[in-house]
Amino acid sequence: MSYYQLFSNYGRDVYFSYTEKNEYDQSDFRKGLVYPLDEKLHYSIDKFDPYLNEYDILPTIGGLLVSLKFKKLVERLGSDCQFISAVITSTKSGEINDSFFVMNILNVISCLDMEKSEYKPLLKSLPNGPIEVLSVKYVPNSLDGHHIARMKEYKGYIIVDDVFIKACKVQKIKGVMFVKEG
């Protein structure tokens, strides 16, 4: 089984930003913690592009924004993800789009092959602290039946397997890109 890193690939170079309206800290989405579902999460963007709703995954600062189509695909695969309703606001026009969900990945799995990968400490003063990954090699079979997970060693990485990629191709998921190890 091969593993890949998941990226968003949107029509212009922009990020949908997690706003200060949210009580939940955006870094908690990297910890695999369940979010209380009693309120929507807020994101902002400068303007809405006419092609926005054609995309199934959006580039974000904060938890990933995904379409209903992408949400259903992940749920069919049985992956441990939580989906929270989102409200995206245009800072220029004040328009609102509430058709996306925040995908909260609950699987945080150790899958980085520390022997074969290249990495260095993010801060020289903390040699055993967070790392910067330069070249990735994954531990074989480390996702253990999960199709999507966060990498424990570097929680900014979302890792998927061949089954996930095949499902995305079959469903014609738009805005997603996969990078193989190496």
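Summary table below
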{"quantity": "Verdict on K72 being part of a loop (DSSP other than H, G, I, E, B), free of Cβ contacts under 8 Å to residues at least 24 places away in the same chain and not acidic (D, E)", "calculated": "no"}
{"quantity": "Pick from the range 143-163, criterion touching a helix residue (DSSP H, G or I) at 6+ places or on another chain (Cβ under 7 Å) and charged (D, E, K, R), ranking: surrounded by the fewest Cβ atoms within 10 Å (Cβ to Cβ)", "calculated": "K155"}
{"quantity": "Criterion violated by P140 - all others in (1) in a strand (DSSP E or B); (2) surrounded by fewer than 17 Cβ atoms within 10 Å (Cβ to Cβ) satisfied", "calculated": "(1)"}
{"quantity": "Restricting the range 12-66 to residues that are more than 26 Å from Y154 (Cα to Cα) and acidic (D, E), the residue that is surrounded by the fewest Cβ atoms within 10 Å (Cβ to Cβ)", "calculated": "D38"}
{"quantity": "Number of the exception - N104 against (1) of a type in the set (S, T, N, Q); (2) over 23 Å from F29 (Cα atoms); (3) outside any loop (DSSP other than H, G, I, E, B)", "calculated": "(2)"}
{"quantity": "Residues of the range 75-121 satisfying the condition of being among the small types (G, A, S), closer than 20 Å to Q5 by Cα and either within 17 Å of the chain's Cα centre (by Cα) or modelled with pLDDT of 95 or more (or both)", "calculated": "G78, S79, S110"}
{"quantity": "Selection status of V102, touching a residue at least 24 places away in the same chain (Cβ under 8 Å) and within 21 Å of P50 (Cβ to Cβ)", "calculated": "no"}
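The values are calculated or read from the model by the stated rules, or taken from the named source; none is laboratory data. Everything quoted here is computed from the prediction, not taken from an experiment. Note that we place each Cβ from the backbone using ideal geometry, even for glycine, and neighbour counts take in every protein chain shown.
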